[in-house]
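Asker: First the structure, which I've put down as structure tokens, then a few questions once you've had a look.
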Amino acid sequence: MHQPDEGTAYATSPCLRLWTSFTPEPEKRGKGTWTIGANRAPFGQTDWKITFDATTPVELLHDVHAELLDVHRDDRTSDQDRLFDDPTAPYEGYAHLFARGWSHDVKTDGTQTFFAPDRLGGVRHRYATKDFGTAAWRAWGGYPSEPYWQAHFSFGTPTTLVAAFTASLISTEPLHRTVQDVPFHTRRHLYVATTATKPPPRYSPAAPPPATASGRTR
């Protein structure tokens, strides 16, 4: 991890082909951008990248990074290069959503959009583009007109990472949140989960007392 200039932190892989950075927006409290990038050649041009708003639930970032580490390790011990030539079919990126009853809308402009049953989350797949400057996948939490967070996956991003993201997005594992952590306009969708018969949470709560929400409202 290093900090080349004030306010921006970077973490790179030993092969210098993967990097993660966080760029804050000091003038806006709680704002900033997490970016994951990959270069086919060390120090070369970025082949694909993923960006997350600073408000993106930490569980989503964790699960994408965990999958990224697994892919990286597999590539180092095999003759595959899934970071740049991932054979995973695009369908795997949204199959999890169908399993949780998300709606599906396809348009003639080459996009398909999936909405959570409560309409508080969505995933848009632009399958008819190869333009690096255009996000092949976009996801958001909250109302579409006023999302609380957004994530963008550029063309070329391994579908395996998208699938890890969507699987995490629809997870029904309880989340620990304080009331202040939840946007005001979505608080009415919260419910308190009974944890007596459930395993311990993966993440420690930031501060007690916690409010617990369903995975689909991440």
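Asker: So how do 43-53, 116-126 stack up, highest first, on mean other-Cβ count within 10 Å? Walk me through the numbers before you get to the answer.
Answerer: Numbers: 43-53: 16.6, 116-126: 19.0.
My ranking of the peptides, most packed first, is 116-126, 43-53.
Asker: If you roll a 1.4 angstrom probe over the protein chains with everything in place, what fraction of the accessible area of segment 62-118 belongs to carbon and sulfur, to the nearest %? The partial results should precede the final answer.
Answerer: Details: 1570 of 3230 Å².
Carbon plus sulfur share of accessible area: 49 percent.
Asker: Could you give P(r) for segment 52-116, binned at 5 Å from zero, as whole percent values over all Cα-Cα pairs?
Answerer: Final binned percentages: 3, 13, 15, 18, 21, 17, 9, 3, 0.
The values are calculated or read from the model by the stated rules, or taken from the named source; none is laboratory data. Keep in mind that what you see is a predicted model, and the values were worked out from it rather than measured. Backbone-built Cβ (ideal geometry, glycine too); neighbour counts: all protein chains shown. These area figures cover heavy atoms from the full protein model, side chains too; ligands, DNA and RNA do not enter into them. Shrake-Rupley method; radii C 1.70, N 1.55, O 1.52, S 1.80 Å.
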